[in-house]
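Chemist: The structure that follows is given in the form of structure tokens.
Readers should treat all values here as calculations from the given coordinates under stated rules, not as data from a laboratory. Quantities reported herein were computed from a predicted structural model and do not represent experimental measurements. Positions of Cβ are backbone-derived with ideal geometry, glycine not excepted, and every protein chain shown enters the neighbour counts.
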């Protein structure tokens, strides 16, 4: 057994990420996740932390706020409509209007950077774009 897992209870006491149980904890974890995804350069540990926090946020949100299945393009279109935005308004996050058009038409997939920028812009979990 690795030394990191020798005493999981002590890890939790020391502040290691754990299951989310409240909306307040969700907000805290989401803010931490946004901070990590905003980094220009990420270490291997940053990437692992992003993955872990995404799993924890997704688990809580899917149990607490179940959503019907939606394709990433449908989610993006919904967020644009709800916020009164056009494709032009998010071109900066996506790398240009043509990319936005391709994504909304289902001809191109969102990449990790698109998802990070869009989740920050709309203040939603990156998990909503994972279809």
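Chemist: Pull up region 65-88, narrow it to residues that are assigned to a loop (DSSP other than H, G, I, E, B) and without any contact (Cβ under 8 Å) to a residue 12 or more places away in the chain, then point me to the one that is farthest from residue 21 (Cα to Cα). Steps first, answer last, please.
Modeler: Filtering region 65-88 down to residues assigned to a loop (DSSP other than H, G, I, E, B) leaves 65-71, 83-86.
Those left that are additionally without any contact (Cβ under 8 Å) to a residue 12 or more places away in the chain: 65-66, 68, 84-86.
Numbers: 65: 13, 66: 15, 68: 22, 84: 32, 85: 33, 86: 36 Å.
The extreme case among them is 86.
Chemist: Additional query: Inside region 70-79, can you point out the residues that are over 10 Å from residue 121 (Cβ atoms) and touching a helix residue (DSSP H, G or I) at 6+ places or on another chain (Cβ under 7 Å)? Let's see the steps before the verdict.
Modeler: Of region 70-79, the ones over 10 Å from residue 121 (Cβ atoms) are 70-78.
Across region 70-79, the qualifying residues are 72, 73, 75, 76, 77.
Chemist: Could you list, in sequence order, all residues of region 117-131 that are assigned to a helix (DSSP H, G or I) and farther than 17 Å from residue 96 by Cβ?
Modeler: Of region 117-131, the ones assigned to a helix (DSSP H, G or I) are 117-122, 126-129.
Scanning region 117-131 gives 119, 120, 122, 126, 127, 128, 129.
Chemist: Follow-up. Could you tell me which residue of region 101-131 is surrounded by the most Cβ atoms within 10 Å (Cβ to Cβ), considering only residues that are over 15 Å from the mean Cα position of the chain (by Cα) and in contact (Cβ under 8 Å) with a residue 24 or more places away in the chain? Explain how you work it out, then say what you get.
Modeler: Start the filter on region 101-131 by keeping residues that are over 15 Å from the mean Cα position of the chain (by Cα), which leaves 101-109.
Next, only the ones that are in contact (Cβ under 8 Å) with a residue 24 or more places away in the chain stay: 103-106, 109.
On the way: 103: 22, 104: 17, 105: 9, 106: 11, 109: 14.
Looking at residues that are over 15 Å from the mean Cα position of the chain (by Cα) and in contact (Cβ under 8 Å) with a residue 24 or more places away in the chain, I get 103.
Chemist: Let me spell it out: the conditions are (1) surrounded by 12 or more Cβ atoms within 10 Å (Cβ to Cβ); (2) over 15 Å from the mean Cα position of the chain (by Cα), and residue 41 meets all of them except one. Which number is the exception?
Modeler: Residue 41 satisfies every listed condition except (1).
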